[in-house]
Amino acid sequence: SVRWGLIGASTIAKQFMIDAIRAQADGEIAAVMSSSPERAEAYARENGIPAAASTLDALLAADIDAVYISTTNELHLEQGLAAIKAGKHVLCEKPLALTSADARKMVAAARKAGTVFGTNHHLRNAGAHRAMREAIAAGRIGKPVAARVFHSVYLPENLQGWRITRPEAGGGVVLDITVHDADTLRFVLGDDPVEISAFTQSAGMAGGGLEDGAMCIWRFRSGVIAQSHEGFTTKFAGTGFEVHGSEGSLIASNVMTQKPVGSVLLRTASGEEGLSFDREDLYTRSLRQFHAAIRGEGQPSAIGEDGIWSLASAEAALQSSKTGKAVIIDPQL
Ligand code: NDP
């Protein structure tokens, strides 16, 4: 079996990842770490986790094979490096760190140590996005020309904390959501972004100089251009993902989400067709691939390099919004 240690008594672990680990035939959660002993105990009790730790050393000394890191973003780097040093496999939340240079350090350390490293970009596990990627690869829309991503949501009240108040924790919508759009665009298009231009705003929710809305324009290596909208303050916008090609368009609705929902429409000269796709839980599929990678079978659905790409893209978007200029995206891989 794979024995997991949770680094971070987080909402995402409670809502999705604990279940996803336990959904694996060989998945077990052995311990949880919180910076507060009381919160660690309470979280362990509420989630049926046998051991609670309040230091990283104590967690890493437990009998575990892998860690899932879902603390606030500024902590991922040192916790990831320590876990790798202790020989653990690491599934790390996005953004991998606050800078792509730090993310490269962590990914390089895992490579050197020979441990499995994954980035928890859940959206590439969605049936909808895999169906779009396959349709494009099969030539069903001809040559892709442009993409549009609608990913502006309303940040739920229970999450209106560090994301909108703490720049030093890696708050802001770009590190939170633009990274997902970068990864999903790369995955669906099978292409890498080379340049980005972004406007950001503070539309009334985020403080501390943080942005709670962003619009980005992307250029991809193949020449495809894309636009993406990320936000925390739009209650009624809905989400979507479109790719338009020379012979057809893929129009997906309600697919930039944590749940296996939504629809994908293919529109061509022969009319409209809804694509069917599997509705497996995104995080469960991610964990299954991660467990397989531990057994030496394939790779996690999003590897460390994917997390470096998404963070380098977000970094470039933030730089663009500051300078008013388009910025080259260079993950230095
Ligand atoms: P939370 O705010 O729920 O948790 C982050 C940290 O905040 C925890 O590690 C915990 O610290 C502390 N914390 C949580 N609840 C409390 C509380 N009641 N009182 C005091 N401190 C508290 O963050 P999220 O779960 O929303 O996000 C965690 C990470 O996961 C981020 O990196 C985020 O980007 C990523 N994420 C990824 C998603 C995905 O789908 N891939 C979705 C959502 C988040 P401690 O551990 O020390 O107790």
Problem set entry | Residue that is nearest to the ligand (Cβ to nearest atom), among those in region 28-54 that are in a strand (DSSP E or B) and surrounded by fewer than 21 Cβ atoms within 10 Å (Cβ to Cβ) | 51
For this session: Only residues that are among the hydroxyl-bearing types (Ser, Thr, Tyr) and more than 8 Å from the ligand (Cβ to nearest atom): list them for region 60-82, please.
Result: 68
Exercise. Failed condition for residue 24, given (1) near the ligand (Cβ under 8 Å from one of its atoms); (2) open to solvent by 10 Å² or more (accessible area, probe 1.4 Å); (3) touching a Leu at 6+ places or on another chain (Cβ under 6 Å), with all others met?
Worked result: (1)
Seminar exercise, completed: Of the residues in region 300-330 that are part of a loop (DSSP other than H, G, I, E, B) and free of Cβ contacts under 8 Å to residues at least 40 places away in the same chain, the one that is least open to solvent (accessible area, probe 1.4 Å) is 324
Problem set entry | Hits in region 135-159 (condition: within 10 Å of the ligand (Cβ to nearest atom) and of a type outside the set (A, V, I, L, M)) | 156, 158
Exercise. Based on what the data block shows, is residue 12 near the ligand (Cβ under 8 Å from one of its atoms) and open to solvent by 10 Å² or more (accessible area, probe 1.4 Å)?
Worked result: yes
Problem set entry | Residue in region 55-66 that is farthest from the chain's Cα centre (by Cα), counting only those that are touching a residue at least 60 places away in the same chain (Cβ under 8 Å) and surrounded by 15 or more Cβ atoms within 10 Å (Cβ to Cβ) | 64
Problem set entry | Of the criteria (1) more than 15 Å from the ligand (Cβ to nearest atom); (2) free of Cβ contacts under 8 Å to residues at least 40 places away in the same chain; (3) β-branched (Val, Ile, Thr), which one residue 90 fails | (1)
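The values are calculated or read from the model by the stated rules, or taken from the named source; none is laboratory data. Model, not experiment: these values are computed from the prediction. So basically every Cβ, Gly included, is an ideal-geometry build from the backbone, and we count neighbours across all protein chains shown. Ligands, DNA and RNA are excluded from the accessible area calculation, which covers all protein heavy atoms including side chains. Shrake-Rupley method; radii C 1.70, N 1.55, O 1.52, S 1.80 Å.
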